[in-house]
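Let me begin by presenting the structure, written as structure tokens, before commenting on it.
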Amino acid sequence: MSLIVSVSGIRGTIGGPSGENLTPRDVMAFCLAFGHLLKSRHPRPRLCIGRDSRISGPMVAGFSQAVLSSIGIDVLDLGLTTTPTIEMAILHHKAHGGIMLTASHNPMEWNALKLLNERGEFISPEEGIKIQELSRDQRIFDQFVPVEQLGTSIALLGTIEEHVHSILSLPFIPVELIRAARFKVVADCINSTGALALPVLFEALGCDYKLINENPDGRFVHNPEPLEVHLGDLCRISKETGSDLGIAVDPDVDRLALVDENGRYIGEEYTLVTAADFMLSKMGGPVVSNLSSSRALRDLASSYATECYYAPVGEAHVVQKMKEVSAVIGGEGNGGIILPALHYGRDALAGIALVLANMVHKGKTLSQLRDSYSQYVMIKDKLQLGPSTQYQDLISVLIQKYRNEQINTEDGLKIDFEEGWVHLRKSNTEPIIRIYSEALNAEEAQSLVDRIKHDVAGMI
């Protein structure tokens with residue numbers, strides 16, 4: 001169906017011909033390329049490997065470990081885990097990098113190799129380009145070690161517990177106050193590793209919790225992207241059970257969406273706003289988000305007399321900007337919270353702790369917190385890329401048409417209007433153009449999307 005190669009790794013659907021789908025040969029090429037890059041820096045590299053619950057996970061993980069062993073790389077195997085957990089494990093266990101096998105929000109037929117450096121962060125664009133080049137170099141398929149130099153594989157246990165302990169050890173997290181509140185929580189685990197990680201966090205924070213879709217068999221009950229249209233059961237059960245909040249994560253637990261005590265979908269955009277509200281109440285400093293994120297974060301930062309900076313979409317870009325400006329918190333509008341005091345990676349577990357901390361710190365329900373922030377409505381839409389679509393020509397036409405508006409071309413095209421904004425960008429993970437818009441109400445936001453779709457109708 002599809003194979004997408006980007007600077008952060010390789011992603012595709014399982015099966016079919018090599019180069020068009022994610023096959024063992026594609027996995028082998030990227031593992032060899034990543035491994036040889038690490039071997040050029042370390043005589044005997046150690047890598048952490050983990051996976052979400054996808055059906056293809058055991059096959060891809062086993063094959064990846066065998067390939068790495070064949071070139072003399074030792075593997076610390078986390079097994080079923082979360083992306084933020086493997087990022088933390090790389091730091092805790094002083095590994096030279098890591099591979100997380102997950103296609104994030106994509107359906108279950110997809111899988112991917114997310115490549116991480118020795119800091120537990122996504123590899124840089126420069127490293128990604130180098131790995132792509134190496135993966136096409138036939139010489140890497142002829143460089144294997146003799147039997148006495150084969151890499152080893154060791155099961156690394158207790159990493160989720162280590163991860164949660166690190167979160168609760170942060171000095172600004174009011175652990176005892178959260179425990180005393182005895183929050184009642186419902187969590188949609190989307191049949192993946194949230195079912196393993198969330199209970200550890202909830203029990204450590206004294207929460208009374210209920211899990212739904214908790215069997216981590218990789219057979220996702222609904223579309224795994226944590227959007228309102230997919231979370232009807234979570235909204236209903238949260239309200240029926242009188243819970244303080246509902247929580248939805250994606251399959252690798254780096255994105256977090258919220259539902260309030262009334263069963264209202266708070267969504268992903270206000271996850272970062274809620275978490276940032278707590279952090280800014282505790283310490284001064286700027287915040288960072290991506291160009292597709294809500295103006296609500298900018299408004300919140302302004303209320304604390306601090307700056308809000310924007311970066312191109314993608315965790316690596318946001319992290320780079322956060323480091324440049326010494327941000328106290330950052331992330332993306334898709335529910336990804338990045339807390340530098342913990343690590344530079346999107347982390348739903350850290351996000352949950354910050355949301356609960358803000359609720360207990362402010363003495364407010366989640367609905368009261370949400371209603372205290374700027375009220376915007378965002379529309380997230382997309383256009384399927386056709387085989388003849390000329391993406392750059394499409395962008396050029398729009399730039400010319402809206403040249404009198406505020407234009408940003410750092411990442412696709414963002415057009416700021418007085419009544420809102422619209423952002424178009426080519427997806428790194430799917431053959432689509434994403435179209436996001438935001439305005440003060442749904443009608444205005446939809447109108448912006450419809451206007452852009454009309455403008456490019458003949459070019460798709």
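Cross-link pairs exceeding 32 Å in C-alpha to C-alpha distance, out of Lys282/Lys426; Lys184/Lys380; Lys323/Lys401; Lys323/Lys362, comprise Lys282/Lys426; Lys323/Lys401.
Placing R0 at 30 angstrom, the Cβ-Cβ distance between Lys453 and Ser6 gives a FRET efficiency of 0.70 after rounding to 0.05. With neighbour counts taken as other beta-carbon atoms within 10 Å, the residues Arg119, Arg434 rank, fewest first, as Arg119, Arg434. Plainly put, segment 312-379 has a radius of gyration that is 1.00 times its Kirkwood radius, both from alpha-carbon atoms, as the Rg/Rh ratio. The amide H of Ile10, built 1.01 Å from its N in the peptide plane, has Leu113 as neighbours under 5 Å, considering only residues 5 or more places off or on other chains. Global dimensions of segment 162-372 from alpha-carbon coordinates: Rg and Dmax equal 15.7, 47 Å. For segment 123-214, the convex hull drawn through the C-alpha positions has a volume of 191 cubic angstrom per residue. Qualifying trypsin sites (Lys or Arg not before Pro) in segment 1-106, where qualification requires a DSSP coil assignment and no more than 11 other C-beta atoms within 10 Å, comprise Arg41, Lys94. Inter-part distance, segment 286-328 to segment 99-166, computed on C-alpha centroids, equals 28 Å.
For the chain, the equivalent ellipsoid derived from the alpha-carbon gyration tensor has semi-axes of 34, 29, 20 Å in decreasing order. Rounded to the nearest 5, the antiparallel percentage of DSSP beta bridges internal to the chain is 60%. Once the dipole of the chain is set up with Lys and Arg at +1 and Asp and Glu at -1 on Cβ about the Cα centre, which of Gln149, Tyr344, Trp110 lies farthest towards its positive end? Ranked along the dipole, the leading option is Gln149.
Here's the list of lysines a cross-link from Lys39 could span, going by alpha-carbon distance under 23 Å and ignoring same-chain residues fewer than 8 apart: Lys94, Lys114, Lys130.
Can you give the extra length, in nm with one decimal, that the chain gains between Asp371 and Leu385 once fully stretched, where that is 0.36 nm per residue apart less the Cα-Cα distance?
Numbers: separation 14, 0.36 × 14 = 5.04 nm, distance 3.74 nm.
Fully extending the segment from Asp371 to Leu385 adds 1.3 nm.
Taking the Cα centre of segment 162-372 as reference, the dipole from Cβ charges on Lys and Arg (+1) and Asp and Glu (-1) amounts to some 500 debye.
If you find the alpha carbon centre of segment 396-460 and of segment 57-83, how far apart are they in angstrom? Segment 396-460 and segment 57-83 have Cα centres separated by 41 Å. FRET efficiency for the Glu307 to Phe144 pair, using the beta carbon distance and R₀ = 35 Å, is estimated at 0.10. This model, with +1 at the C-beta of Lys and Arg and -1 at the C-beta of Asp and Glu, gives the chain a dipole about its Cα centre of some 540 debye.
Taking +1 at the Cβ of each Lys and Arg and -1 at the Cβ of each Asp and Glu, which of Leu47, Pro125, Ser289 sits farthest along the dipole of the chain towards its positive end, judged by Cα position relative to the Cα centre? Toward the positive end, the furthest listed residue is Leu47. Centre-to-centre separation between the Cα atoms of segment 26-47 and those of segment 224-250: 40 Å. Each DSSP beta bridge with both residues in segment 110-247 is either parallel or antiparallel, and the antiparallel ones are about 10%.
FYI, it's all coordinate maths here, none of it is from the lab. Predicted, not measured: the structure shown is a model, and the values here were computed from it. No Cβ is skipped: glycine too gets one built from the backbone with ideal geometry, and neighbour counts run over all protein chains shown.
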